[in-house]
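Below is one structure; the comments refer to it alone.
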Amino acid sequence: MQIKFLTFILALLLIVGGCSNAVGSQTVPGSETNSQDNNPLQGIPISAVEPDIFTLQLGVAVQGTVDYHDINSMAVLVNKQNKLPADYVPTDLVETNIPFASYVGSEQKLLRQEAAENLEALFAEAEKNGLILYGVSGYRSYQTQKAIFNNNVRKYGDETKANKISARPGESEHQTGLVMDVTSQSVAYSLVTYFADTAEYSWLKDNAHHYGFIIRYPQGKEIITGYIFEPWHLRYVGKDLAKILYENNLTYEEYLFFAI
């Protein structure tokens, strides 16, 4: 960790001497330009990372084994710096057996099989606790995401504003088939920030990791993730990794920067 701390200080000095808002180049996970030597926080002001992260005791069960650049890995990193190919479609998509909001189309009911099985177990456990969750948006193709993003650009009149709430095509985790946006009757089956005030979310944030899911875009970490707080956005990363992220209050980018 001492080496990582020195690396952090060097990076911070370089940023102070240069431009702290430089945008990292976009790369396709698995390409020769995206190796484990790259900084997963590329393009993010390093000063945004919480200082007390250096004291964390990261779990050894996952450390060094996370293959974040493999697009077929459950732990693939997809963000504004790490894009998926336009033609990427997971080969093991299945329809998820959970309640869905009435307006959800067939494509968005799909998840990769491992993620689907664990989400079904998560929903079942929530129901045992008197909480009924509904799926809204799982897998999205590159073309679907392109249409969504373009619609948001028209709505907000600016790509930069749109990109705070919506991913550009290729940069959306939904294309991995490892994400499900969820909601509840208490918020009229919609995706809204005040879902965070519900009993459903309160239970989810403290239990989703038991089933391999994380709240991917948490509150207070917007400058790191690049997106607004999305209490509805559940990302499957596997149980071991989800446990580490939850117990240490880490975003995935923070974990990768300090653990690899």
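Scanning the range 99-113 turns up at least one residue that is at pLDDT 95 or above, part of a loop (DSSP other than H, G, I, E, B) and of a type in the set (A, V, I, L, M, F, W, C). Tallying residues that are assigned to a helix (DSSP H, G or I) and either loosely packed, with under 15 Cβ neighbours inside 10 Å or in contact (Cβ under 8 Å) with a residue 24 or more places away in the chain (or both) within the range 149-160 yields 5. Looking only at residues in the range 93-114 that are without any contact (Cβ under 8 Å) to a residue 24 or more places away in the chain and under 22 Å from ASP70 (Cα atoms), the one that is nearest to the chain's Cα centre (by Cα) is GLN113. Give the range 115-133 a look and list any residue that's surrounded by 20 or more Cβ atoms within 10 Å (Cβ to Cβ), under 19 Å from SER102 (Cα atoms) and in contact (Cβ under 8 Å) with a residue 40 or more places away in the chain, or say none. Scanning the range 115-133 gives LEU119, LEU133. Here the range 161-190 is the region considered, the condition is being more than 20 Å from ASN82 (Cα to Cα) and of a type in the set (Ser, Thr, Tyr), and the residue that is surrounded by the fewest Cβ atoms within 10 Å (Cβ to Cβ) is SER190. The C-beta contact set for the range 161-188 (first residue closer than 20 Å to LEU204 by Cβ and modelled with pLDDT of 95 or more, second residue in a helix (DSSP H, G or I) and of a type in the set (Gly, Ala, Ser), distance under 6 angstrom, 6+ apart or interchain) comprises LEU178/ALA115.
The values are calculated or read from the model by the stated rules, or taken from the named source; none is laboratory data. It should be emphasised that the depicted structure is a prediction, and the values quoted were computed from it without experimental measurement. Counting neighbours? That spans all protein chains shown, and the Cβs are built from the backbone with ideal geometry, glycine included.
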